[in-house]
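The values are calculated or read from the model by the stated rules, or taken from the named source; none is laboratory data. Since this is a predicted model, take the numbers as computed values, not measurements. No Cβ is skipped: glycine too gets one built from the backbone with ideal geometry, and neighbour counts run over all protein chains shown. Calculation scope for accessible area: heavy atoms of the full protein, side chains included, ligands and nucleic acids excluded. Shrake-Rupley method; radii C 1.70, N 1.55, O 1.52, S 1.80 Å.
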Amino acid sequence: MSLTVSNLNVSIEGIPILRDVSLEIPTGCMVGLIGHNGAGKTTLIRSIMGLLPTKGDMMFDGTPLHAAQAHERAALGISYLPEDRRLIPSLTVEENILMPAWANGITDAAKRLEWIYSLMPEIAQYRERRSMQLSGGQQKLVALARALMPGRQMLLLDEPFEGVAPVLSRRLTEVIAELRGEGMRVLLSESDDTHSSDLVDRVYRIERGAVTAA
């Protein structure tokens, strides 16, 4: 079982951004996507999540994704951690984490929340604080926790270490490594492999919208 992307092309306002992209992420595999800013990493991740119009084929565990909307992909267990976190400042940490459960009708949200807190107990300590009161690194942890609420099968992590202090980068690395034991697929994008080299099983490099296996 895997996510398979074949000959994916994406244009924005008539400008080609992704060109014949093909890659595969098997079950339980962590994959790095390495490329400079502007190379197309975010566009590729957003395309897999169903947030951009695409041409080409995508299959997830035998299910074609080309006609699936973003919320339908979330229902399959695919989730997305955006680079800019996108937490709702006025909500508490716990409310932000539960947002996908409310939006997608996740019935075992309480059990899922308990597992997330066991994975990242530091988050439980400030669950009642508003997200605007947290540091950038703490917000990244909360955004990862939010992604884990619906993301039971696959996580798409867009520059998770960007702008994070070294101590929290190490903590993020530990948490992402633990997800391997859960059998989860992870696509992790970075501008270089500073943080991901010891995490990933395979690497794809992206340059000017074209992807090659490293």
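When each of VAL186, VAL175 is tested for being assigned to a helix (DSSP H, G or I) and open to solvent by less than 20 Å² (accessible area, probe 1.4 Å), the lone residue that passes is VAL175. Annotation for the stretch 15-34: no member residue is open to solvent by less than 10 Å² (accessible area, probe 1.4 Å), in contact with a helix residue (DSSP H, G or I) (Cβ under 8 Å, 6 or more places away or on another chain) and not aliphatic (A, V, I, L, M). Within the stretch 154-175, residues that are under 21 Å from SER118 (Cα atoms) sit with their Cβ atoms under 9 Å from residues that are open to solvent by less than 40 Å² (accessible area, probe 1.4 Å) and aromatic (Phe, Trp, Tyr), at 6+ positions apart or across chains, in these pairs: MET154/PHE60; LEU155/TYR80; LEU157/TYR80; LEU168/PHE161; SER169/PHE161; LEU172/PHE161; THR173/PHE161. Quick one: is GLY136 of a type outside the set (S, T, N, Q), open to solvent by 10 Å² or more (accessible area, probe 1.4 Å) and within 17 Å of HIS195 (Cβ to Cβ)? The answer is yes for GLY136.
Residues being modelled with pLDDT of 90 or more, among the hydrophobic types (A, V, I, L, M, F, W, C) and farther than 22 Å from ILE25 by Cβ are represented in the stretch 142-164 by at least one member. Whether any residue in the stretch 200-214 is closer than 22 Å to LEU3 by Cβ, surrounded by 21 or more Cβ atoms within 10 Å (Cβ to Cβ), under 14 Å from the mean Cα position of the chain (by Cα) and not hydrophobic (A, V, I, L, M, F, W, C) is what I want to check. No: zero hits.
Beta carbons closer than 9 Å, at least 6 apart along the sequence or on distinct chains, pair a first residue in the stretch 105-126 that is open to solvent by less than 40 Å² (accessible area, probe 1.4 Å) with a second that is at pLDDT below 90 and outside any helix (DSSP H, G or I) for ILE106/PRO150; ARG112/ILE106; ARG112/PRO150; ARG112/ARG152; TYR126/LEU134.
Suppose the filter is under 23 Å from GLY28 (Cβ atoms), out of contact with any helix residue (DSSP H, G or I) (no Cβ under 6 Å at 6 or more places or on another chain) and open to solvent by 30 Å² or more (accessible area, probe 1.4 Å); does SER90 pass it? Considered against the rule, which asks whether it is under 23 Å from GLY28 (Cβ atoms), out of contact with any helix residue (DSSP H, G or I) (no Cβ under 6 Å at 6 or more places or on another chain) and open to solvent by 30 Å² or more (accessible area, probe 1.4 Å), SER90 comes out as no. Using the structure shown, decide if PRO160 is assigned to a helix (DSSP H, G or I) and within 15 Å of the chain's Cα centre (by Cα). No: the conditions fail for PRO160. For the stretch 51-83, filtering for residues that are assigned to a loop (DSSP other than H, G, I, E, B), open to solvent by 80 Å² or more (accessible area, probe 1.4 Å) and under 21 Å from GLY183 (Cα atoms) leaves 0. Between GLU72, GLU24, the distinction of being charged (D, E, K, R) and at pLDDT 90 or above belongs to GLU24 only. Residues of the stretch 180-196 that are at pLDDT 85 or above, closer than 22 Å to GLY28 by Cα and of a type outside the set (Val, Ile, Thr): MET184, ARG185, LEU187, LEU188, SER189, GLU190.
Selection of first residues in the stretch 1-18 that are farther than 14 Å from ILE45 by Cα and of second residues that are outside any strand (DSSP E or B) and of a type in the set (A, V, I, L, M, F, W, C), restricted to Cβ pairs under 9 Å at least 6 apart or on distinct chains, gives the following pairs, ordered by first then second residue: SER2/CYS29; ILE12/LEU52.
When SER47 is tested against (1) open to solvent by less than 50 Å² (accessible area, probe 1.4 Å); (2) more than 18 Å from VAL203 (Cβ to Cβ); (3) more than 16 Å from the chain's Cα centre (by Cα), just one condition goes unmet, and that condition is (3).
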